[in-house]
Amino acid sequence: MHLVTAEEMRRLDRITIERLGIPAVALMENAGRAIAEEIIAFCNHRDGDGAAGDACQGTGAARYSSGPGHAGARAAGAAREEAAVPGAGTAESFGAVRTAAPKLLISGDAALMAGRAEDEHWLVLVGKGNNGGDGLVAARHLSEAGIAVSLLYAVSPESLTGEAAQQRDAAAAMGLPAAVYGGGRPDFAGYSGILDALLGTGAAGAPRGAYAELIAAANRSGKPVASADIPSGLNADTGETHEPCIQAALTVCLAFLKRGLLQYPGAGHAGRIVVRSIGIPSGLAREEGLSAYWLTPAVLEDVLGVDVSRRRAPDGHKGTYGHVLIAAGSLRMSGAGLIAARASLRTGCGLATWAVPGKLLPLLVGAAPELMLADAGGEADGTWNAAAAEEVLKLAGKKDVLAVGPGIGRFGDDKAWLQTIWEGADCPLVVDADALNILAECDYGTWQGRRTPVILTPHPGEMARLVGVSTKEVQRDRIGLALSYARERGVILVLKGAHTVIASPDGRLVVNTTGHPGMATGGSGDCLTGIIAGLLAQGLSGFQAAVFGVYLHGLAGERAALLRGDPVSVIASDIIEAL
Ligand SMILES: NC(=O)C1=CN([C@@H]2O[C@H](COP(=O)(O)OP(=O)(O)OC[C@H]3O[C@@H](n4cnc5c(N)ncnc54)[C@H](O)[C@@H]3O)[C@@H](O)[C@H]2O)[C@@H](O)CC1
Ligand SMILES: Nc1ncnc2c1ncn2[C@@H]1O[C@H](COP(=O)(O)OP(=O)(O)O)[C@@H](O)[C@H]1O
Ligand SMILES: [K+]
């Protein structure tokens, strides 16, 4: 699924309206109707399970889906709407049972059927832009479904223009009760839910004046809030939340998923996210060269060309699946190397060799019998030294990929060590952990000789050192930073952490949502390094391996949490075993 910025969304909007001739008011109608359908589905779900709305809000976890609402709600509605009309026949009815009276089945507008509409009263908070227009359309459709609706304009309705003004007039003509916010502390106690149609992709900066007061009041109310397009107060591009920002139980995102909904803290404000089409052709994003995606199996297969089934040739042998070399671990942190090497094997590479300072070798014999061990030289105390780089290069000669960094620590002349490897290794290179900290102190743009891809896998702290900014600054706009860094430095960048971002030098971008906070545990990143190396060895391209590796790592983390019974107790070895 495509991910867009506010600016890209406006461009796609414009093309749809100006080039394809689809009227803006039609898009708004579709948007408002989709929002109403999702609110009705939300209410119907709440009927069946009183805690449904609160559960979404409570977890703060974004659940994404792209279908038209809850199948259950639709099915219930359809059952009520079906009517039998004598005198007409269906294909089945003319078959076996000739004696039965032929029937015509007719269904009504099930998506707009609210189960216990009389229990609902929604307040629509209306902003002055098109987001407010969407809210006004939704209000009409909710009312049609029998749900009581009241409108509260943030500013004078007279200030609405264009399609939003048309919708204002239509709502008034339908007799929907409306008021204008006049300051003070509004009391929303009488409502069963709130539709936030205050600010959308046209918002600039922190909500001001009436907008800020209404957002704060909605959050205080304890009522479930559904947001039109994005929670008001969210930066649609970065995921930053302004003060205040709506805390939604449901976000009905229109046309294309906005980037900011997938990055924290914004992702924690959106509740369940449903992306609904509104008449803007989905193919437009690709035609316009947009290449940012939320990672799904479909994106892996159709966009990135990854065979997610990972079928092996019946006559495959270990040579077919490549040989990984991992240069990692030192006396105090040998486990990091072991984890990375074992993860590469579990990912399906044919062979894995783990290169360590020679002093460690006797201690590691038998640690993982499937691994080959190699002596990389190093110091008598089991640490690395610059000369070990030549040994690593010799070992790398016949390997398909080289991964460096986990557990190597810092050592004398480590910059020369890394430069030798960077310039000399003639295979794809994965750089992680302390190798990233070394890189951060080097002017590596001047290094020569790389013909194969480099994949950097920093966590936010390592990224901060690479860029020379604070970790907070890295987290402020992870997507923007990853894109610009990958492009400027010519590397594939995997910026780890909740909802890992993967960027390539040619501007492609993917955001992954597999995984969970239980994976924030020592060695989990080393495991990812091994997975990516294992995939590279099997012939995936640099970007394919980085993206698929992050996806599999997260899935394995989820499976490990199920096997353990609790995400909290997952450790890196569990992730390897769940691969
Ligand atoms: N064809 C279109 O343009 C479509 C737009 N759609 C909706 O339109 C939205 C974008 O609409 P707009 O571009 O009109 O923008 P918004 O509706 O997001 O609001 C912009 C208005 O809010 C005010 N504003 C901006 N920042 C503010 C702040 N920080 N504090 C207080 N007031 C602020 C400004 O006066 C501006 O007029 C989308 O999010 C989506 O909901 C949908 O209707 C689908 C079609
Ligand atoms: N909240 C989270 N949700 C999903 N994945 C996470 C979360 N926190 C950490 N992870 C993942 O766990 C891994 C941790 O990597 P890293 O910090 O390098 O650990 P280490 O250095 O101990 O190996 C990364 O892949 C990261 O994306
Ligand atoms: K909104």
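Any read-out appearing in this document is the output of simple, stated calculations on the displayed coordinates, not a laboratory observation. If you're wondering where the values come from, they're calculated on a predicted model, not measured in any experiment. Don't worry about glycine lacking a Cβ; one is built from the backbone with ideal geometry, like all the others, and counts go over all protein chains shown.
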(message) Compute, for region 348-490, the length of the dipole vector about the Cα centre, with Cβ point charges of +1 (Lys, Arg) and -1 (Asp, Glu) only. Units Debye, rounded to 20.
(response) 420
(message) Could you give the length gained by full extension between S569 and S150, i.e. 0.36 nm per residue of separation minus their alpha carbon distance, to one decimal place?
(response) 146.1 nm
(message) Quick check: pseudo-label points 7 Å beyond the Cα along Cα→Cβ at R220 and R116, how many nm apart are they?
(response) 2.9
(request) Please report how many Lys pairs in region 303-433 have alpha carbons closer than 20 angstrom, counting only residues at least 8 apart along the chain or sitting on separate chains. (result) 4
(request) Enumerate the lysines that K472 could reach by cross-link, defined here as Cα to Cα under 17 Å, with residues fewer than 8 away along the same chain left out. (result) K496
(request) Specify the inter-centroid distance of region 194-260 and region 276-296, based on alpha-carbon positions, in whole Å. (result) 23
(request) Please find the FRET efficiency linking L363 to S192, where r is the Cβ-Cβ separation and R0 is fixed at 51 Å, and quote it to the nearest 0.05. (result) 0.20
(message) Sequence gap at least 6, Cα distance under 8 Å: using those rules, report the relative contact order of the chain to the nearest whole percent.
(response) 11
(request) Can you tell me the relative contact order of region 282-376? Whole percent, Cα pairs under 8 Å, sequence separation 6 or more. (result) 22
(request) Report the FRET efficiency, 1/(1 + (r/R0)^6), for E243 and D506, where r is their Cβ-Cβ distance and R0 is 41 Å, rounded to 0.05. (result) 0.65
(request) Extending each Cα 7 Å along its Cβ direction at D381 and A172, get the distance between those two points in nm, one decimal. (result) 8.1
(request) Multiply the residue separation of E370 and E287 by 0.36 nm, subtract the distance between their alpha-carbon atoms, and state the gained length in nm to one decimal. (result) 25.1 nm
(message) If I model a spin label as a point 7 Å beyond the Cα along the Cα-Cβ vector, how far apart are those points for K318 and D302 in nm?
(response) 4.0
